[in-house]
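Here it is, the structure, as structure tokens.
The values are calculated or read from the model by the stated rules, or taken from the named source; none is laboratory data. None of the values given here were measured: they were computed from a predicted structure. Please note: Cβ atoms are built from the backbone with ideal geometry, for glycine as well, and neighbour counts cover all protein chains shown. Quick note on the areas: whole protein, heavy atoms, side chains included, nothing else; ligands and nucleic acids left out. Shrake-Rupley method; radii C 1.70, N 1.55, O 1.52, S 1.80 Å.
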Amino acid sequence: MTATPNDCMNWMEIGVLAEIPPLGGRYVETPRGQIALLRNEADELFAVENRCPHRGGPLSEGYVSGRIVFCPLHNWQIDLSKGEALPPDVGCVKTYPVKVEAGRIFLSLDAKS
Amino acid sequence: MASKAKLVLIGNGMAGIRTLEELLKMAPGAFEITVFGAEPHPNYNRILLSPVLSGEMRLEDTILNDWDWYHDHGINLQAGRKIVQIDRARRRVIAADGIEAAYDRLLIATGSNPFLLPIPGRDLPGVVAYRDISDVEQMLAASAKGGRAVVIGGGLLGLEAANGLLSRGMDVSVVHLHPWLMERQLDQVGGALLQKALAQRGMRFYLPKQTEAVLGETHVTGLRFRDGEEIPADLVVMAVGIRPNIELAKAAGIHCERGIVVNDTMQTYDPRIYAVGECVQHRGQTYGLVAPLFEQAKVAANHLAAYGRMRYEGSITSTKLKVTGIDLFSAGDFTGGPEVEEITLLDGTYGVYKKVVLKDNKVVGSVLYGDTSIGPWLFQLLRENHDIGEIRAHLLFGETHLGDAGHAGHDQAASLPDSAEICGCNGVCKGTIVQAIREQGLFTLEEVRQQTKASSSCGSCTGLVEQLLASTLGGVYDQSPKKKPLCGCTDLTHDEVREAIVAEKLLSARQVFEYLNWNHPGGCATCRPAVNYYVRTAWPAEGLDDPQMHFINERAHANIQKDGTYSVVPRIYGGVTSPAELRRIAEVAERFQVPMVKFTGGQRLDLLGVKKEDLPAIWATLGMPSGHAYGKSLRTVKTCVGTEFCRFGTQDSTRMGIELERALEGMWAPHKVKLAASGCPRNCAESTVKDVGVIGVDSGWEIYIGGNGGMKVRAADLLCKVKTNAEAIEITKAFLQLYRQEAHYLERTAPWVERVGLEHIKVRVVDDPTNRRRLAEALDFALAQERDPWAAAIEGHLDVHAEPLARVAP
């Protein structure tokens, strides 16, 4: 496990970026429930609670485009950087810190929001 | 850092500001923007002035962009400053008070001026035009004192003004030069009905009458007509037409005719200067309705943003009069002529008049009075150049009478109560939609979908929502732009994207997004599966089928359920199974604790509530191919027992169903495709509500196409009769291949058949055996590239990501 000096977060290595298809996602089972890992066309990676605030749809199965994921159940759009549903819908999901180093993915369960 | 390019907009109205809104969406921050507006208001919705005048709305409700909007977008708004000169050499605009602003790009959106009759007395106090907020304020002030109002001009604006003043309690007369009202939108019969209805409300008419002078010394007292007759008046409203406001452009030496002449990119003869809106003349046409102006705005913004892709190609417009209680609709060319035919219905007692003008079996124009419920539908037929050959006899009664249309979208939305549910999927009521249209200034179906969610799911209420838009906005609303973009990521239509994929040999969806400058490089939920489909149909062998472009169902090869579990439907050809298969299905259901086993509507077995992790093991245990119950693809062929056991059967429909299912297995399509084979005309397999249905008759098979039993019921059309199974299969293949090549993604065969017409299909599939064979072979080639996805997953050629990426221990 790697950690930068000014980095007091509890990082866990959970896999490699190549296992997550670009414009798509996977999920991780954790003690805090399922967390979706979503990768966009610019290879940015986001980690959010794997439950749409609407009816609990698995966001890991949605379309990812830019910083948006489209929930597969009813097409709610969630802004991944803020964890908030786009208007007119209202709702939010927890977001988690995630980083990629040398193709390896590190996740922290210290929820950002 | 180099300073930003400067964009100056002259004209703070709907067309100009809409262009800025589009530009800010496409290229935010590309320009330092300054807006000059002669009126001391932020951008407001001029079309809503009529409801303001009649007291149905307040002035503040018409504001589209408030002061904050300009501030929030860093736009320097100079409201109340009229530009008097464009100095093209120095690239500056100069306002009346001497203020100047420099530009790199200039956008002229000066709109139009009301035309004032060149007659004596027109400058007297008490004579007003009907164009802007100050005109309305003057009329409201005058109407507060009561008295007699005379409106000169019996066109759209004049009648709306007259109606407003009438409802404000004035005694109102309308003077019109033409023998009947609204001659640009109505024929004589329609005009007479309208006049009768308005007269019943107390409006008086003088027509045809030419006004010679406005009478009065210090204030208007009356009018004199050319024939010498004089009538009294305390207020005169001149609403005889508008003229493009081109003085400024003309003085600057920019080429003008009736309007400022622009090309298809909305550029004037000076390449630094663009123009949009009512001041513009494009391909000889000027426009006074909002929908075309918004199309222009989009094109101008596209070029200002240096995308350089869109062209404006002119608009077809429709009109609706915003006078409460009077239903009037007109669109296209209704004047008649030697090559056109007319279908009319006139009911003088009920005040209903309908006229549809046809040319070569296509709608080219229509006038509706009294009952306009079929207006949006007729307009759609007109815009889409729809062949109406088969529906001609019912044309005047609307879409509801076509076949067995299930729930008709074209009821009178206007008469529904606010609490009526419009969108059943998302639970959106009429009141919510109307309120959103008014308060948030929505103009398009897309905007209503975004803001209210109505019509954003199954889409069966689209017609109703369009009607609400039309009845709330009146003439502003063009049911949908002539060119419907594929989605919000592009301005190109389905067909344009398709052509580009073929012409440029684009071999993956992401390549398409890049090559065609998609707004979002990752696309969206609408375009991703559509473009992927178009790539695959254009290039079945070389094209990349990108799993990430597919909806989850087609990536997991199972149908996602509301709780995130999946359903598994193995293929059972023709619905005929065996004890061995049933045993394996039962074993899977028990071993994997499948919560529900159910027969589907299409005679197959469905294992519901399956966990994603279990999918590969279930497929392996079943040892059966995928039933594709989750895909935009061939679903099932429903059968009856046929001659094998049934005492009425005339053909072996079970065998036929199995042969069809085997011949088409694995076929992906624009939407799901369902078939049926019935052994006799009793039609137990319900072949007449399927995409393709065959019905056994003594001499062979009848083939039906374009049926639908779902969202909107449609009885299938008889395509042809054949003698043998082989012929039936070849025709089915050819029909489905034509559908695959031509229909838009997510368009079922039923609406596609209605769009292109049965004749179009018969010519290609039935009448021309060479073309039929070519189509069938093209489908065979595409199918040859496919293999069963469940088998591929079991053998490790396809990763459906059934397992989580990791499990983190507590």
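From the phi angles alone, apply the Karplus equation (6.51, -1.76, 1.60; θ = phi - 60°) to region B:223-233 and give each ³J(HN,Hα) in whole Hz, x where the residue is Gly or Pro.
10, 10, 8, 4, 7, x, 5, 10, 10, x, 7
Please list the non-local residues whose amide H lies under 5 Å from the amide H of B:C429, H modeled 1.01 Å from N, same-chain partners needing a gap of 5 or more.
B:I422
Can you give the relative contact order of region B:669-711 as a percent, counting alpha carbon pairs under 8 Å and 6+ residues apart?
Values: 81 pairs, mean separation 13.8, N = 43.
Reported as a whole number, the value is 32 percent.
Just to make sure I understand: if all protein chains stay in place, what is the order of B:R204, B:R92 by accessible area at 1.4 Å, largest first? Before the final figure, lay out the partial values.
Working: B:R204 110, B:R92 65 Å².
Sorted by accessible area, descending: B:R204, B:R92.
Would you pull out the residues with amide H under 5 Å of B:V84's amide H, same chain only if 5 or more places away, H placed 1.01 Å from N?
Distant-sequence amide H within range of B:V84: B:I94, B:A95, B:A96.
Let's test the formula: R0 of 56 Å, r as the Cβ-Cβ distance of B:T770 and B:Y350. What FRET efficiency results, to the nearest 0.05?
On the way: r = 54 Å, r/R0 = 0.96.
Computed FRET efficiency for B:T770 and B:Y350: 0.55.
Explain nothing, just the number: dipole magnitude of chain A about its Cα centre with +1 on each Lys and Arg Cβ and -1 on each Asp and Glu Cβ, in debye rounded to the nearest 20.
Magnitude of the dipole: close to 220 debye.
Let me know the mean shielding of A:76-88 by other chains, meaning the per-residue number of their Cβ atoms within 10 Å of its Cβ.
Mean partner-chain Cβ count within 10 Å for A:76-88: 1.
I'd like the antiparallel share, as a percent to the nearest 5, of DSSP beta bridges with both residues in region B:667-810. Don't jump to the answer; show the numbers that get you there.
Numbers: 12 of 16 bridges.
Given both bridge residues lie in region B:667-810, the antiparallel proportion sits at roughly 75 percent.
Using θ = phi - 60° and the Karplus curve 6.51 cos²θ - 1.76 cosθ + 1.60, what whole-Hz ³J(HN,Hα) does each residue of region B:246-259 get, with Gly and Pro shown as x?
Result, rounded to whole Hz: 10, 4, 4, 5, 4, 4, 8, x, 7, 4, 10, 10, 6, x.
Can you tell me the 0 to 90 degree angle between the C-alpha axis of helix B:133-144 and the longest principal axis of chain B, rounded to 10?
The angle comes out near 70 degrees.
Using 16 Å as the cut-off for backbone N distance, which residues of region B:765-802 belong to the label zone defined by a point 7 Å from the Cα of B:N361 along Cα→Cβ?
Counting only backbone N, you get B:765-768.
Share of antiparallel DSSP beta bridges in region B:178-284, in percent to the nearest 5? Each step should come with its number before you reach the end.
Details: 10 of 13 bridges.
Around 75 percent antiparallel, to the nearest 5.
If one takes the longest principal axis of the Cα atoms in chain B, at what angle in degrees, from 0 to 90 and to the nearest 10, does the Cα axis of helix B:579-591 lie?
Between helix and principal axis, roughly 70 degrees.
Nearest 100 Å² is fine: how much accessible area is buried between B and A, summed over both sides, with a 1.4 Å probe? The partial results should precede the final answer.
On the way: alone 35290 and 6290 Å², together 38870 Å².
Buried area between the two chains comes out at roughly 2700 Å².
Ok, one more. Please list the non-local residues whose amide H lies under 5 Å from the amide H of B:V713, H modeled 1.01 Å from N, same-chain partners needing a gap of 5 or more.
It is B:G406, B:H407, by chain and number.
How high is the relative contact order of chain B, given as a whole-number percent (alpha carbon pairs under 8 Å, six or more residues apart)? Walk me through the numbers on the way to the answer.
Numbers: 1664 pairs, mean separation 58.9, N = 810.
So the answer I get is 7 percent.
Let me check something: with ligands and nucleic acids excluded, how do B:F31, B:F513 order by accessible area (1.4 Å probe), largest to smallest? All intermediate terms of the calculation are to be shown ahead of the outcome.
Working: B:F31 30, B:F513 5 Å².
Ranked list, largest accessible area first: B:F31, B:F513.
Now a separate question. Pairing rule first: another cysteine's C-beta must sit under 4.7 Å. Under that rule, which cysteines of chain A stay single?
Taking the Cβ cut-off of 4.7 Å, the unpaired cysteines of chain A are A:C8, A:C92.
On to the next question. To check you understand DSSP bridge types, tell me what percent of the beta bridges within chain B (both residues inside) are antiparallel, rounded to 5.
That works out to approximately 60 percent antiparallel.
Which one, B:A750, B:H394, B:V240, is farthest towards the positive end of the dipole of the protein assembly as shown when Lys and Arg carry +1 and Asp and Glu -1 on their Cβ?
Positive-most Cα among the choices belongs to B:A750.
Next question. Once ligands and nucleic acids are excluded and a 1.4 Å probe is used, how much of B:M203 is accessible, expressed in Å² to the nearest 10?
The accessible area comes out at roughly 10 Å².
Follow-up. Rounding to the nearest 20 debye, state how big the charge dipole of region A:24-74 is about its Cα centre with +1 on each Lys and Arg Cβ and -1 on each Asp and Glu Cβ. Write down the numbers at each step before the final one.
Numbers: 6 positive and 6 negative charges, 38 e Å.
In total the dipole reaches around 180 debye.
Pull out the extension gain between B:F645 and B:A802, defined as 0.36 nm times the separation in residues minus the alpha carbon to alpha carbon distance; nm, one decimal.
Details: separation 157, 0.36 × 157 = 56.52 nm, distance 4.33 nm.
Value of the extension gain: 52.2 nm.
Could you tell me how many degrees, from 0 to 90 and to the nearest 10, lie between the Cα long axis of helix B:188-200 and the main elongation axis, the longest principal axis, of the Cα atoms of chain B?
For B:188-200 against chain B, the angle is about 70 degrees.
Under a plain spin-label model, where a point goes 7 Å from the Cα along Cα-to-Cβ, how far apart in nm are B:R392 and B:L582?
That separation, rounded to one decimal, is 5.4 nm.
Here's something else I'd like to know. What percent do you get for the relative contact order of region B:101-255 when only Cα pairs under 8 Å and 6+ apart count? List each step's numbers first, then the result.
Numbers: 281 pairs, mean separation 52.0, N = 155.
The normalised contact order for region B:101-255 reaches 34 percent.
Hey, with R₀ at 51 Å, roughly what FRET efficiency would B:W539 and B:E137 work out to, going by the Cβ-Cβ distance, to 0.05? Mind showing how you got there, number by number?
On the way: r = 62 Å, r/R0 = 1.22.
With a Förster radius of 51 Å, E is 0.25.
Suppose all protein chains stay in the model; what accessible area per residue would a 1.4 Å probe give for the protein assembly as shown, in Å²?
Normalised by residue count, the accessible surface of the protein assembly as shown is 42 Å².
Once phi is turned into ³J(HN,Hα) by the Karplus curve 6.51 cos²θ - 1.76 cosθ + 1.60 with θ = phi - 60°, what whole-Hz value does each residue of region B:278-290 show in order, with x for glycine and proline?
5, 7, 9, 10, 10, 6, x, 10, 10, 10, x, 9, 6
Once you list every other residue whose beta carbon is under 13 Å from the beta carbon of B:N532, what net charge do they have if Lys and Arg are +1 and Asp and Glu are -1?
Values: positive: B:R498, B:R510, B:R528, B:R536, B:R555, B:K632; negative: B:D545, B:D546, B:E554.
Summing Lys/Arg as +1 and Asp/Glu as -1 gives +3.
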